[in-house]
Amino acid sequence: MIENCPRKDSAHDFGKNIIPNLLNEGKRLFAYPFAGYWKDVGTVDSLWQAHMDLLAQGDPLKLDDESWKIYSEDVPTTPQFIGPNATLKGSSINQGCVVDGTVVNSVLFRDVVIEKGAEVINSVIMPESVVKRGAKIKNCIVGERQLILENEVVGSDDKIELFTSREVN
Amino acid sequence: MKDILGIVNFEDERVRIEGLSNFRSIPAMSFLGRYRIVDFVLSNMVNSGMDHIKVLVREKPRSLIEHIGIGSHYNINSKSGSFQILYSDKNITNKLYFTDINLLKQYSSFIKESNQEYVVIAPSYMICRINYQDVVEQHIKTGADVTAVYKQVDDGHKRFIGCEEFDLINNRVVLMKVSHGSTSVKNISLETYVMHKDFLLDLIDEATRRSSAYTIGAFLANDDNIKYINIQGYKYEGYLACVNSLEEYYYTNIDLVNYEKAKDLFDKDWPIYTKTNDSPPAHYTARAEVKNCMVANGCVVQGKIENSILGRAVKIKKGAVVKDSVILSNVIIGEGAIIEKAVIDQGAKILVNKEIAGDDEQIGYVREGDTV
């Protein structure tokens, strides 16, 4: 790495430069085959897909494994409330959420509010966002602290959309 | 803002939650899925700007100590603040003498040496959202010996049975007696007292001189004492529940499933702190049916749940139905099982197709770790 650092013709990348150089120099490199779930979540599409994989494949990361916890921020939220008008199917919902609408095949981060009559389908909603009555969200990632207005329609069947254009004030 | 010493009091003999308290003390009982009972009083103290807190422990300290630890998850400043768990190291065989006063007597030097002028003493099982600064402010203004917090309730004929109630004349407490539910409108004591540190120390000395069986509440309620101790009432108007029996534990949980009601207790600016454990979000499968529930993290719901509370990491298997019930953490409800109007204690396993149903007379109960 130190040798590679000053070279102007290098992208300083393990895959592109360092490992090929080692191979050229005849160093002994061995592969370790990894069989578990993995995904590079560097784009909106792949981040969305990873959430959908999680829902479709029945916990491929084994988040439920007490002996291999995934530690995270854990803030003092209120409990999760599921209201009398809610319909939940194939979804993961975090603490602090208040859901009285329909959530299908989606992931809700902490403190998300889904009001009565709102629909969230194949989507990922980040912390503290609010989806008002009658709004429809499909194939989206909604960013943190976003506001979806009453009866607003966000997302389509054709592509994955990222919604970050209206913050809750 | 006043610097106040907080003392979390333990429950006396009258408070007993059938079944649940065989395994753990009341402060350590799980509540509303993700909390323990003690979280509410500790959060009230911390949110009131109190950084010096002592928790009195009566018995079965293990699960309480595990939960509250050194208090860091309640945001108690570990350098400038202090957090102590006080338990008796005397072997007291007669339960009659296991009182808050006898325990405080053992630790009176700790109280004497504390820098706080005023003390708030509050039990864990009165679930409320109260700012103790307001109580202390009134206490200083009125010049009372003791300020005792109460709420005027209108459902005293069916709730708060066994709690203490006050008679007040010009806001002075002239009578404290146990409520038997005779009338609906009454002043229910939150068993929360504010007094000067020196007054508390005198009270401890005086009470122990006269009887080893006095509790703070009983000493204040004594017919003679109430005449010469100036006890002023502080009227609290927010949400209040007293979790002093299995029925009250059950109904308080179920009432708070109603989001509108729960808003009286929960407020974003008044967080309820608890020990968190990094469990994954609750997961609902394609066949799940969920109406009116409060669900903690780590749960997996494949069946139908209605008007119920699920603690952490509860598993509801396919075809199972849970209605009007309180399910504590790590419970497994097997395929096709039916649970109605019941409390299922921690870690119990309900087998396939089993039915457990309580009714208005008797709430169903399954013990900790049992397989039925």
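The values are calculated or read from the model by the stated rules, or taken from the named source; none is laboratory data. Because the structure is predicted, anything quoted here is derived from the model rather than measured. Because the Cβ atoms are built from the backbone with ideal geometry, glycine has one as well, and the counts that use them run over all protein chains shown. Ligands, DNA and RNA are excluded from the accessible area calculation, which covers all protein heavy atoms including side chains. Shrake-Rupley method; radii C 1.70, N 1.55, O 1.52, S 1.80 Å.
Some points to look at:
- Here B:Glu206 and B:His180 are evaluated by their C-beta separation; at R0 = 35 Å the FRET efficiency comes out at 0.75.
- 5 angstrom amide H check on A:Val142, placed H, neighbours 5+ away: A:Val124, A:Ile125, A:Met126, A:Phe163
- Kirkwood-type radius of region A:34-111, with distances r between different C-alpha atoms, in Å: 14.2
- Under-5 Å amide H pairs with B:Cys163, H placed in peptide plane, nonlocal only: B:Ser179
- Charge context of A:Arg7, other residues only, Cβ under 14 angstrom, K/R +1, D/E -1: -1
- For chain A, the Kirkwood estimate of the hydrodynamic radius, built from every pair of different alpha carbons, is 18.5 Å.
- Relative contact order, percent, chain B [alpha-carbon distance under 8 Å, six or more residues apart]: 16
- Converting phi to 3J(HN,Hα) with the Karplus coefficients 6.51, -1.76 and 1.60 and the offset θ = phi - 60°, region A:77-88 yields 8, 6, x, 8, 10, 10, x, x, 9, 6, 10, 10 Hz in sequence order, with x at every glycine or proline.
- Accessible surface for chain B, divided over its residues, is 41 Å² per residue with a 1.4 Å probe.
- Checking every one of the trypsin sites (Lys or Arg not before Pro) in region A:83-116 against DSSP loop status and a limit of 15 other Cβ atoms within 10 Å picks out A:Lys116.
- Volume of the Cα convex hull of region B:53-100, divided per residue and given in Å³: 79
- Distance distribution note for region B:232-297: the fraction of Cα pairs above 17 angstrom is 63%.
- For region B:119-274, the share of accessible area belonging to carbon and sulfur comes to 45 percent (1.4 Å probe, ligands and nucleic acids excluded).
- Other-chain or far-sequence residues with amide H under 5 Å of A:Lys116's (modelled H): A:Asp100
- Solvent-accessible area assigned to carbon and sulfur over region B:283-366 amounts to 43 percent, based on a 1.4 Å probe.
- For region B:287-328, accessible area lost to neighbouring protein chains reaches 30 Å² or more, against the chain alone with a 1.4 Å probe, at B:Val290, B:Lys291, B:Asn292, B:Cys293, B:Met294, B:Val295, B:Asn297.
- Computed on chain B, the Cα convex hull volume stands at 136 Å³ per residue.
- Pair-distance profile P(r), taking every C-alpha pair of region B:283-366, with 5 angstrom steps and integer %: 4, 18, 31, 31, 13, 3, 1, 0
- Per-residue HN-Hα couplings for region B:236-244 [Karplus 6.51, -1.76, 1.60; θ = phi - 60°; Hz; x = Gly/Pro]: 9, 10, x, 5, 9, 9, 10, 8, 10
- Note that region B:275-282 has calculated 3J(HN,Hα) couplings of 7, 9, 9, 6, 8, x, x, 5 Hz, one per residue in order, obtained from phi through the Karplus relation 6.51 cos²θ - 1.76 cosθ + 1.60 (θ = phi - 60°); glycine and proline are x.
- If R0 is taken as 25 Å, the Cβ-Cβ distance between A:Gln57 and B:Glu335 corresponds to a FRET efficiency of 0.70.
- FRET E, pair B:Arg287, B:Met1, Förster distance 51 Å, beta-carbon r, rounded to 0.05: 0.45
- Gaussian network model of chain B, springs between alpha carbon atoms under 10 Å - residue of B:Phe110, B:Phe219, B:Phe160 with greatest fluctuation: B:Phe110
- Rounded to the nearest 10 degrees, the angle from helix A:44-56 to the longest Cα principal axis of chain A is 70 degrees.
- At most 15 other Cβ within 10 Å, DSSP loop - trypsin sites (Lys or Arg not before Pro), region B:238-342: B:Lys263, B:Lys268, B:Arg287, B:Lys318
- Taking only the alpha carbons of the protein assembly as shown, we obtain Rg and Dmax values of 27.3, 96 Å in that order.
- Loop-located GluC sites (Glu not before Pro) in region A:77-169 (DSSP state other than H, G, I, E, B) with a sparse environment of at most 12 neighbouring Cβ atoms within 10 Å: A:Glu150.
- When nucleic acids and ligands are ignored and a 1.4 Å probe is applied, B:Cys299 ends up with an accessible area of around 0 Å².
- Cα→Cβ-extended label distance, 7 Å offset, between B:Ser78 and B:Asn222, nm: 4.2
- Put simply, chains B and A cover up around 2700 Å² of each other's accessible surface, both sides summed, when a 1.4 Å probe is used.
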